[in-house]
Amino acid sequence: MTTDALFQPLKMGALEAKNRIMMAPLTRGRASEPPFLPNEMMATYYRQRAGAGMILTEATGISVEGLGWPNAPGIWSDEQVEAWKPITDAVHEEGGLIVLQMWHMGRLVHPDFLGGDAPVSASATTAPGHAHTPSGRQDYEQARELSVEEIARVVEDYRKAAENAKKAGFDGVQLHGANGYLVDQFLRDGTNKRTDQYGGSVENRVRFLREVLEALVSVWGADRVGLRLSPNGETQGCDDSDPAATFGAAAQVAQDLGIAFLELRQPGPDGTYGSTEVPQQDDVIRGIYKGALILNSDYDAKAAVNDIENGRCDAVTFGRPFISNPDLPQRIEAGAEWAPNKNVPKSWYLPGAEGYIDYPAMDGTSD
């Protein structure tokens, strides 16, 4: 198999990727406990993976209100900005490109992270399942509906976080609009029960997405802003009755604003995580959004080559293979065995270097 298609450069607005093997955003839980600071170990982790055409960072909280994952990093404080700088420097020193994924978890923030206050969402709904908290797994609790005035405040939180990302030395930002988090909670009619200008029609349900993207564009310019969507199937209790219409409208927002790239997480019926029979929506979205389209979920090198060569997408983000194979592009280019280092899921979210920065490269080295 020739892999030449994966090693062509790709221009995404002002972002110039050296190859089309992108690193997907991967929550790893290695930041400090509050105040949620990135650290030196994370700089090593991202440096090791700088061979990716573009690194999309782990989801990063834009505010105290929006972050509900133990040991995930934030980007709302000056201290966090300073802590991110060695990480962006490390990636740039290796010739890499690093984009910050901006995260508000909405109803998936447990009150334990909020001093006992209820989480916020598009509507007063409760997610199924359990939250990961510093004191263990706990049932999610009902969110309260954001007022129109509060929505404007959340949009401003995104704008300020985007300014902080620029100060920290990132190359751009990606809005996390997927996986059942706050933006997704506004998009889908299963979680958005509002009757005002932010609910009801598809045009109203994409309003929050548009306003947040406009805030990010006001800081970065459209050519350094991206978006992640998960347009098919239920995720963390978030679902939609007409995904083609909903995510077609979301794609139109991305097209109207001229953002640099759009990434779609699309599990299939046999997906390792989040399998679904709901049809993938990239064909609908490709017909609307004309920027760089990046696909994700359960890809190997062969499937990625095929979808890039046939024009289905412009690049692919790899997640789990990048966890245990820090030099994944080099392995693919050398024709090495696909992702030979074994993932150890129990170590994905634990503190410490094990299962994080100790996977060997092809030459046998590791930090």
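Note: relative contact order over the range 21-298, using C-alpha pairs below 8 Å and six or more positions apart, is 14 percent.
Output the pairs from Lys18/Lys290; Lys11/Lys166; Lys290/Lys342; Lys302/Lys342; Lys167/Lys290; Lys166/Lys346 with a Cα-Cα distance over 25 Å in this structure; if there are none, say none. The partial results should precede the final answer.
Values: Lys18/Lys290 20 Å; Lys11/Lys166 20 Å; Lys290/Lys342 37 Å; Lys302/Lys342 19 Å; Lys167/Lys290 30 Å; Lys166/Lys346 34 Å.
Check vs 25 Å cut-off fails for Lys290/Lys342; Lys167/Lys290; Lys166/Lys346.
Here the simple spin-label model places points 7 Å from the Cα toward Cβ, and for Asn39 and His130 these points are separated by 2.5 nm.
What separates the Cα centres of the range 289-355 and the range 145-213 is a distance of 28 Å. Measuring between their Cα centroids, the range 219-234 and the range 23-83 lie 18 Å from each other. Adding -39500 (n - 2.57) for every DSSP H run of four residues or longer, then dividing by how many residues the chain holds, sets the calculated 222 nm ellipticity at -8500 deg cm²/dmol.
Using the Cβ atoms and a cut-off under 12 Å, what net charge is assigned to the surroundings of Thr88, where Lys and Arg are +1 and Asp and Glu are -1? Kindly include the intermediate steps, with their values, before the conclusion.
Values: positive: Arg47, Lys85, Lys166, Lys167; negative: Glu82, Asp89, Glu93, Glu94, Asp171.
That sum, taken over residues with Cβ under 12 Å, equals -1.
This ranking places Leu187, Leu108, Leu293 by how few other beta-carbon atoms lie within 10 Å of each, fewest first, which gives Leu293, Leu108, Leu187. When the Cα gyration tensor is reduced to axis lengths a ≥ b ≥ c, the ratio a/c is 1.5 or higher for the range 40-186, and with a/b above b/c it is classed as prolate.
When the dipole is taken about the Cα centre of the chain, and only Lys, Arg (+1) and Asp, Glu (-1) are charged at their Cβ, what size is it in debye, to the nearest 20? Could the numbers behind the result be given before it?
Working: 33 positive and 52 negative charges, 40 e Å.
For this selection, approximately 200 debye.
Scalar couplings 3J(HN,Hα) for the range 344-357, obtained by applying the Karplus form with A = 6.51, B = -1.76, C = 1.60 to θ = phi - 60°, are 10, x, 5, 9, 4, 10, 7, x, x, 7, 4, x, 10, 10 Hz; x denotes Gly and Pro.
Over the Cα atoms of the range 21-298, Rg to Rh with Kirkwood Rh, two decimal places?
On the way: Rg = 17.4 Å, Rh = 18.6 Å.
Dividing the radius of gyration by the Kirkwood radius yields 0.94.
Enumerate the aspartates and glutamates that Lys85 could reach by cross-link, defined here as Cα to Cα under 16 Å, with residues fewer than 8 away along the same chain left out. Answer for Lys85, where 16 Å is the Cα cut-off: Glu40, Glu58, Glu93, Glu94, Glu163, Asp171, listed by chain and number.
Taking amide H as placed 1.01 Å from N in the peptide plane, Glu263 has its amide H under 5 Å from the amide H of Leu227, Arg228, Leu229, Ile294, each at least 5 places away in sequence or on another chain.
Rule-based calculations on the coordinates, nothing more; no lab input. Just so it is clear, the model here is predicted, and its values are computed rather than measured. Using ideal geometry, Cβ is built from the backbone for each residue, glycine included, and neighbour counts are taken over all protein chains shown.
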